[in-house]
1. Within the range 140-165, can you find the residues that are closer than 17 Å to L264 by Cβ, in contact (Cβ under 8 Å) with a residue 24 or more places away in the chain and under 20 Å from the mean Cα position of the chain (by Cα)?
2. Taking the condition within 13 Å of the ligand (Cβ to nearest atom) and buried (at least 24 other Cβ atoms within 10 Å of the Cβ), does F72 pass?
3. Mind checking which residues of the range 35-73 are under 20 Å from F203 (Cα atoms) and in contact (Cβ under 8 Å) with a residue 24 or more places away in the chain?
4. Is there a residue being more than 12 Å from the ligand (Cβ to nearest atom), among the polar types (S, T, N, Q) and in contact (Cβ under 8 Å) with a residue 60 or more places away in the chain anywhere in the range 17-31?
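What follows is calculated from the coordinates using simple rules that are stated; it is not laboratory data. Just so you know, these numbers come straight off a predicted model, no measurement behind them. Virtual Cβ from ideal backbone geometry, glycine too; neighbours counted across all protein chains shown.
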Amino acid sequence: MEEDKGTVCVTGGTGFIASWLIMRLLEHGYYVRTTVRSNLEKKRDLSFLTHLQGASEKLQIFNADLSDPDSFEAAIDGCTSVLHVATPVDFEGREPEEVVNQRAISGTLGILKACLKSKTIKRVVYTSSASTVEFSGKNVDIVDENFWSDVDYIRKFIPVLGSYMISKTLTERAALQFAEEHGLDLVTLIPSFVVGPFICPKFPSSVRTSLAMVLGNKEEYAHLMNISMVHVDDVARAHIFLLEYPEAKGSDLEEIKGYKVPELSSRKLLDTGFKYKYGLDEMFDGAIQCCKEKGYL
Ligand SMILES: NC(=O)c1ccc[n+]([C@@H]2O[C@H](COP(=O)([O-])OP(=O)(O)OC[C@H]3O[C@@H](n4cnc5c(N)ncnc54)[C@H](OP(=O)(O)O)[C@@H]3O)[C@@H](O)[C@H]2O)c1
């Protein structure tokens, strides 16, 4: 008989990382619930999720929006764990920083409150970002999960992209504090720049940026300076690993394959027994093949 691995709620199922993660969770035998934002103007085509192997029996899709923090309750109620991947992404600075922060933080706290209310959630994995540790303003060669980015430093030196980095930093801090105060088992994962193949219809922004030189997107060349990268499948594997490895606590950094300034240490994740599978060749081969298939290249 197949082992019952429980039901996992993945927020933001339409995204690059979350959709890949859902595919892998279904392959691993999990029941999965995912949340998507409803589009009032047009029904969204979610066939890339509903056609996944095992989806007809094991995948349920709910509507929820970080702007309405209580909207995640139905999706979370009765689950064993939550992988909170969704985030407001505003790299162009379309909205004021405070609006993005408010949505990310109150939405995340709404999710954590729903976890407590459910009484069934054993663990929450929150997908953070290397931007929460990279911009401490300290002149160091290596950073790990003990560092925090300084939001004033980000505001000063990274005015436009900074809004995303600030919201990730403040949201992770708020989530860890809430979890500590309420005795919720929450571990945060801190990926660097995520590259690789994708199943979502949207061209993922990190894949597009990683291929800026191939695509000739000159305005993105600067983002490739000193960049560190990880394969999307290693990110999915690390999320699942953290679900299945309860000893990992606090924050865990993802592997950084690339150049430094500062380099990120993956020691904590590796020390718990996680092993990376992919290198730069697989990251770019997978990304380029998908881009060709979908007509982006
Ligand atoms: N990709 C990277 O290089 C990278 C690196 C480090 C960390 N991360 C983190 O990984 C996570 C996923 O990133 P990604 O690259 O997969 O991004 P993505 O493809 O842009 O996915 C973002 C997801 O969040 C959802 N979302 C945005 N605003 C929302 C809201 N108000 N309410 C509910 N859902 C909302 C989006 O839904 P819609 O489809 O409706 O817009 C989408 O499903 C994020 O937390 C990000 O910070 C990513």
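1. V143, D144, E145, W148, M165
2. So F72 passes the test.
3. Answer for the range 35-73, where residues must be under 20 Å from F203 (Cα atoms) and in contact (Cβ under 8 Å) with a residue 24 or more places away in the chain: T35, V36, R37, S38, R44, D45, L46, F48, L49, L52.
4. No, every residue in the range 17-31 fails to be more than 12 Å from the ligand (Cβ to nearest atom), among the polar types (S, T, N, Q) and in contact (Cβ under 8 Å) with a residue 60 or more places away in the chain.
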